[in-house]
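The values are calculated or read from the model by the stated rules, or taken from the named source; none is laboratory data. Owing to the predicted nature of the structure, the values given are computational and were not obtained by experimental measurement. Positions of Cβ are backbone-derived with ideal geometry, glycine not excepted, and every protein chain shown enters the neighbour counts. Accessible surface areas use protein heavy atoms only, side chains included; no ligands, DNA or RNA. Shrake-Rupley method; radii C 1.70, N 1.55, O 1.52, S 1.80 Å.
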Amino acid sequence: GQQVMQIPQYQHVQEGEDFTTYCNSSTTLSNIQWYKQRPGGHPVFLIQLVKSGEVKKQKRLTFQFGEAKKNSSLHITATQTTDVGTYFCAGPLLWGDDKIIFGKGTRLHILP
Amino acid sequence: DTEVTQTPKHLVMGMTNKKSLKCEQHMGHRAMYWYKQKAKKPPELMFVYSYEKLSINESVPSRFSPECPNSSLLNLHLHALQPEDSALYLCASSQAGGKLFFGSGTQLSVL
């Protein structure tokens with residue numbers, strides 16, 4: 001069945017350093033979504049990428065969708081303590097499909 | 001209103017109890033979801049309702065019984081659960097294949 005792989009599983013960075021998490025799917029995705037879950041919280045939607053090769057920015061966050069629509073990345077520039085949490089990629093296999101599968105997530109820990 | 005409301009926030013139940021989790025959204029979303037999340041794991045899809053009809057059941061044991069009384073409400077009825085069913089149960093809603101709006105979850109402990 002379809003799998004969404006995400007690496008690394010954990011990342012410890014000094015405050016101010018950059019951070020990147022990578023997501024790979026075994027099959028082509030119609031779109032990919034990114035979520036952030038703070039410790040003790042629930043997943044919160046960050047962004048959705050739809051087009052091949054798409055790049056979107058939100059302040060210090062940069063999201064990319066691969067040309068083959070099988071991989072994606074989230075890059076955070078100059079991390080802050082508020083960036084702590086687990087970042088998940090997720091996506092449906094088919095456009096309009098309700099079955100949204102999550103990657104295993106990358107847990108980001110910031111060292112002050 | 002962009003919220004998904006879940007009750008209760010915490011629930012402790014014995015293996016012989018019957019309880020229900022409730023979820024409500026008023027965003028007009030046609031799809032509603034139940035996810036199960038264990039600590040330090042990703043959300044795991046359980047059920048999806050589309051236009052109030054069960055469209056996806058991810059081979060969930062029958063001790064979990066979903067119900068969608070109307071387009072705004074989603075319930076998860078629990079009966080004869082096992083300790084390994086202890087987890088955070090998340091409700092979410094969305095439009096077709098679109099972003100998921102999650103509730104804050106019910107932290108369930110089965111004793």
Report task. Might you let me know whether segment A:40-53 holds any residue that is of a type in the set (A, V, I, L, M, F, W, C), within 14 Å of the chain's Cα centre (by Cα), more than 12 Å from residue A:108 (Cβ to Cβ) and open to solvent by less than 30 Å² (accessible area, probe 1.4 Å)? Result -> yes
Query raised in the report: Can you find a residue in segment B:12-32 that is small (Gly, Ala, Ser), within 27 Å of residue A:87 (Cα to Cα) and either within 14 Å of chain A (Cβ to nearest Cβ) or touching a strand residue (DSSP E or B) at 6+ places or on another chain (Cβ under 8 Å) (or both)?
Result: yes
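Given the options B:65, B:86, B:71, name the one that is modelled with pLDDT under 95, at negative phi and away from every other protein chain (no Cβ under 14 Å).
One residue alone meets the criteria, B:71.
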Requested in this report: Just one of (1) buried (at least 16 other Cβ atoms within 10 Å of the Cβ); (2) farther than 30 Å from residue B:9 by Cα; (3) at the interface with chain B (Cβ under 10 Å from one of its Cβ atoms) trips up residue A:30, so point out which.
Outcome: (1)
Query raised in the report: Which of the residues spanning segment A:54-92 are open to solvent by 40 Å² or more (accessible area, probe 1.4 Å), touching a residue at least 24 places away in the same chain (Cβ under 8 Å) and closer than 16 Å to residue A:6 by Cα?
Result: A:69, A:70, A:71, A:75
Query raised in the report: Exactly one of (1) in contact (Cβ under 8 Å) with a residue 12 or more places away in the chain; (2) out of contact with any Pro (no Cβ under 7 Å at 6 or more places or on another chain); (3) at the interface with chain A (Cβ under 9 Å from one of its Cβ atoms) is unmet by residue B:102. Its number?
Result: (2)
Query raised in the report: Which of (1) away from every other protein chain (no Cβ under 14 Å); (2) crowded, with 17+ Cβ neighbours inside 10 Å does residue B:35 not meet, given it meets every other one?
Result: (1)
